[in-house]
Amino acid sequence: QDSQVTLRLAHWVPPGNTNDIGLHIWADAVTEASGGSIQFQFFPGQQLGKAADHYNMARDGISDLSWIAVSYSPGAFPIAGVTELPFFVGDAVAGSVEISDWYEEYAPTEMPDVKFCMMYVSTPGSIHSTVPIRVPDDLKGKRVRPVNERLSRLVSTLGGQVFQVTVPEMRDGLERGLFDTTFFRWKSIVDFHLTELLTYHLDMPMYVSHFALVMNRSAYERLSDDQKAVIDDHCNGAWAGKMAANWAGEEAEDGGRDAYYGQESQTVYAPSKDEIRQWKDAAAPLTEQWISEVAASGHTRKDPQVVLEELRNRLGSAGALVED
Amino acid sequence: MSSFSRLMRASVGTVNILAAILLATVTLLTFVMVVLRPLPGVHVPGVFDLSRLMLGVSIFWGLAVACYRGSHIRVDLVYQAMPRVVRKAMDLIADTAFAVFLLLMSWNMAGYILHEMRAGLKTYELNLPVWPFYALAWLGGVMGCAIMIGRVTARLAGRKLAEDEGNPDEQ
Amino acid sequence: MSSDAVALLGFAGLFLLIAARVPVGVALALVGTAGFASIAGIDPALNLLASSPLSAATDYSLGLIPMFILMGVVTSRSGMSGELFAAASAFLGHRKGGLAMATIATCGGFAAISGSSLATAATMSKIAVPEMRRHGYPDSISTGTVAAGGTLGILIPPSIALSIYGVLTEQDIGKLFIAGIVPGLIAMVFYLIAVAAYFTISKPDVTLQERASWSKRLHALGGIWAIVILFLFVIGGIYGGFFTPTEAAAMGACGAILLSLFRGKLNLRGLLDSLIESVTVSAGILLILIGAHIFGYFLTITQSPQKIAALLLGLELGRWGTMLLIVAFLLLLGCILDTMAMIVLMIPILFPVVMQLGFDPIWFGVIFVMAVELGMITPPIGINAFIIRAMVPDVPVQTIFRGIFPFIVVDILRLLLVFFVPALALFLPNSMN
Ligand code: NA
Ligand code: NA
């Protein structure tokens, strides 16, 4: 008979958010597989700490498990940050399975203070704005709300101004013209009631958002062998795929990309092959930067180029790469 | 005046001015950013992160100054109704609690900042490492800690502290 | 020990330390750390003590606090509050209770620049109390007026209390500021009525100021244009959507500095002193916020907010019944707790309940701040009364509380008014953009 444990799971989205629901599905599966010996106590909505602090919280035992946004800690997880490269991951579900399994090898050195559980990505997001934007040059002089540090650099390179604003402040900022352009998932526009403000959309799979579930080491070590096995069974690429599927499924239901086409108030622009090429060329230096950052970080002994190729091959055979 | 208190007074004076200058810089930076906003193409990169980190440092240093002056928000209701002897005991308890808090905070914060240094956390846009700002803020905490320990020692030695005369609930 | 027992013990320890004159923020942090340790273990608790202060101090949305404080300190140092009082007395000084009325009006004007109730009360006790004493005003009513007038500081924008409410609940601070305007004006009018009522009923023997001629009055008005400009600039900027509240704070502070330099009322030394004072005051506020965060995490981990929410909703008093109970609870708590402690302790517990009941978060912010504001002048712990006692040491606290009584009566009336007519708070913010 395993002793009863209750694990504190902390995240930073409001209760009822798709990701909160997804984490509950995962937690319930763990509880069931453990015969009820592993229970969870949820701390949603930044109750135990700020969004950006969630990795440290799991490391320090403030939470037993934390759901983290990889891009909220710029510089800390360069290998995991590969998904921030634009025009890379094109399919949330198949991509998440591969990314999570691929990262298993690097997690022990890049996230050494925690037990890495899984990692998954969103459906691709794009550029949405109050003014038309079609090619990289259009970003010049625009005030852009970035989504991660890498895309911030792209914006700066293209002559745009990075304007940092929290999600609750977005509406205000757009109404007041403090900024005019944002990286966003299609569904998020609906979720945050910004459809009448962000009316121009660039239909191209530019980036994915990227989350991980990590566990405090001693919380894991305290478990019985059977309980550890249950956790291990639920920390893998297959589960990462399920989490992404739950999320992507909701995206497909309403508010996804297709819903914007044919709406009078919305202007969706599908760039031509040549225009997409311009975007990719503009973003190309980011891959070089990624390679040198990973090399400098010392998080792996492998050639970063090889690390990248491994993931590219995996994504390629799973059909999860953005098409060339 | 002991050489320790002279050193403290001099360093508090310096920290005071540095903290003030940091606040002035952030205020001015924000002001300039707003004024220049209508002009196209003018952009001060990374102001958001820089401002919040600089203000953090400034406020931690302000904390050291507040420790030195003994000006903290506290409730004097019971204190005022007590005889002198009890008041002296309460002063000792309060200062010791403060010293313990700052000691625990600074000690553990040092480890936390070392972690952040190794993790290599950076700011947006400017790509500055975050830990030096944390370390500067930490210095304010350490200084406050030294001041509070000095005060507790002075009380135990039976010396009188200037701000014990009055000054309830100063903010 | 059950987590409920730990939470109760935590509250008991907190009150004990606060009563022992341990700084409020330190008491919160120590009890929070100990409580967190008893549930999650010592190492996690110490890690919390390490990370929370840095996290709180480097939060961008709190940047507006030192800058709004700077704006208030600069205006006060450069003598603008004295000019305000001179102008108000020129118009009101010849009436019965006129100087008290002028004090209220000045507090209202100063509140439009200063975000802190204490700053308003401290500044006014230096300016107005000696003047009222000279004219034979009883100590009770003169100090009571300043204490009550001071509370205008946190309702009329800018307001530190509303900012912190906005930060904690993720509400738009700009909207909260705008929502405070009308209830703040009502507060001023009600206070004037309270003064008039006091002087009609108890007829103290005071000397009246000579009635100022109109030319004198107009001349006095000339001194206050700077404050009017500053207020219109800052609040107009927020209302019109030209800048965010944090930016408004920077604009206001720089505006105040430029105006004071331009009018020759501030030199570099004065500027440096203002900056130093702002940093120290902000550090004091931040210390409380740090403590509140840690204590809040402790409460969260015991899950007491959820339990209290369930308890409140389980009483089935209906929407308005529960709300009334919450407000009554806040008023009671305000008698013993300090302002900042009230906000940071109670918001995490009450806000989810209020949202579940479907009330407007901006409206509740105003109601909450009005209740907190009342707490600042109610005995036994009325922080405004204490600060005045510090400034005017020869007046006993009991005398100040006696003078505050009429204002408490009208404050409760106003609270009920905004409670039952939410549009008073919500009309302006809802008309933004
Ligand atoms: Na105010
Ligand atoms: Na009170």
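The values are calculated or read from the model by the stated rules, or taken from the named source; none is laboratory data. The structure displayed is predicted, hence computed values, not measured ones. Every residue, glycine as well, gets a Cβ built from its backbone with ideal geometry; the counts of neighbours run over all protein chains shown.
For the reader, a short list of remarks on this structure follows.
- Filtering C:LEU258, C:LEU266 for residues that are within 21 Å of B:LEU29 (Cβ to Cβ) and assigned to a loop (DSSP other than H, G, I, E, B) leaves a single hit, C:LEU266.
- When residues of region B:23-78 are limited to those that are facing chain C (nearest Cβ under 7 Å), more than 30 Å from C:PHE15 (Cβ to Cβ) and in contact with an Asp or Glu (Cβ under 7 Å, 6 or more places away or on another chain), the one surrounded by the most Cβ atoms within 10 Å (Cβ to Cβ): B:THR30
- Region A:285-303 - residue that is surrounded by 13 or more Cβ atoms within 10 Å (Cβ to Cβ) and free of Cβ contacts under 8 Å to residues at least 60 places away in the same chain and, of those, farthest from A:ILE79 (Cα to Cα): A:LYS302
- If you filter region C:111-127 down to residues that are within 16 Å of ligand 2 (Cβ to nearest atom) and within 9 Å of the chain's Cα centre (by Cα), you find that the one that is farthest from the other protein chains (Cβ to nearest Cβ) is C:SER117.
- Scanning region A:57-76 for residues that are closer than 27 Å to A:ARG301 by Cβ and modelled with pLDDT of 95 or more turns up A:ALA58, A:ARG59, A:ILE68.
- Just so you know, in region C:351-394 the residues that are modelled with pLDDT of 80 or more, farther than 21 Å from C:ILE181 by Cα and among the small types (Gly, Ala, Ser) include one that is farthest from ligand 2 (Cβ to nearest atom), and it is C:GLY358.
- Filter result (within 14 Å of ligand 2 (Cβ to nearest atom) and either over 9 Å from the mean Cα position of the chain (by Cα) or more than 14 Å from C:SER125 (Cα to Cα) (or both)) within region C:145-159: C:ALA147, C:ALA148, C:ILE154
Yes/no per residue for (1) modelled with pLDDT of 90 or more; (2) in a helix (DSSP H, G or I); (3) within 16 Å of ligand 2 (Cβ to nearest atom); (4) more than 21 Å from C:TRP225 (Cα to Cα):
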position: C:SER76; (1), (2), (3), (4): no, yes, no, no
position: C:LYS96; (1), (2), (3), (4): no, no, no, yes
position: C:ALA100; (1), (2), (3), (4): yes, yes, no, yes
position: C:THR143; (1), (2), (3), (4): yes, yes, yes, yes
position: C:ALA161; (1), (2), (3), (4): no, yes, yes, yes
position: C:ILE164; (1), (2), (3), (4): no, yes, no, yes
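- Matching residues, region B:10-21, being facing chain C (nearest Cβ under 8 Å) and buried (at least 20 other Cβ atoms within 10 Å of the Cβ): B:ASN16, B:ALA19, B:ALA20
- Restricting attention to region C:344-382, the residues that are within 13 Å of another protein chain (Cβ to nearest Cβ) and within 16 Å of ligand 1 (Cβ to nearest atom) total 1.
- Conditions (1) within 24 Å of A:TRP290 (Cβ to Cβ); (2) crowded, with 21+ Cβ neighbours inside 10 Å; number of the one not met by A:ILE133: (1)
- Identity of the residue in region B:75-91, among the β-branched types (Val, Ile, Thr) and outside any loop (DSSP other than H, G, I, E, B), that ends up nearest to B:LYS160 (Cα to Cα): B:VAL85
- Out of C:ALA292, C:ALA283, C:ALA309, C:ALA328, one residue alone is free of Cβ contacts under 8 Å to residues at least 60 places away in the same chain, away from ligand 1 (no atom under 16 Å from the Cβ) and surrounded by 21 or more Cβ atoms within 10 Å (Cβ to Cβ). It is C:ALA283.
- So C:VAL327, is it part of a helix (DSSP H, G or I), within 16 Å of ligand 2 (Cβ to nearest atom) and not aromatic (Phe, Trp, Tyr): yes
- Of all residues in region A:154-166, those that are touching a strand residue (DSSP E or B) at 6+ places or on another chain (Cβ under 9 Å) and assigned to a helix (DSSP H, G or I) total 2.
- Of all residues making up region C:244-276, the number that are within 11 Å of chain B (Cβ to nearest Cβ) and at pLDDT below 90: 5
- Among the residues of region A:178-196, those that are more than 19 Å from A:ALA92 (Cα to Cα) and touching a Ser or Thr at 6+ places or on another chain (Cβ under 6 Å) comprise A:ASP180, A:THR181.
- In region C:79-131, residue farthest from ligand 1 (Cβ to nearest atom) [restricted to those that are in contact with a Phe, Trp or Tyr (Cβ under 9 Å, 6 or more places away or on another chain) and of a type in the set (Ser, Thr, Tyr)]: C:THR103
- Qualifying residue in region A:226-234 (condition: part of a loop (DSSP other than H, G, I, E, B), in contact with an Asp or Glu (Cβ under 7 Å, 6 or more places away or on another chain) and more than 30 Å from A:GLY125 (Cβ to Cβ)): no
- Look at (1) modelled with pLDDT of 90 or more; (2) within 13 Å of chain A (Cβ to nearest Cβ); (3) within 30 Å of C:GLY252 (Cα to Cα) and you find that C:LEU70 fails only one, number (2).
- All positions within region C:406-418 that are surrounded by fewer than 17 Cβ atoms within 10 Å (Cβ to Cβ) and within 16 Å of ligand 2 (Cβ to nearest atom): C:VAL409, C:ILE412
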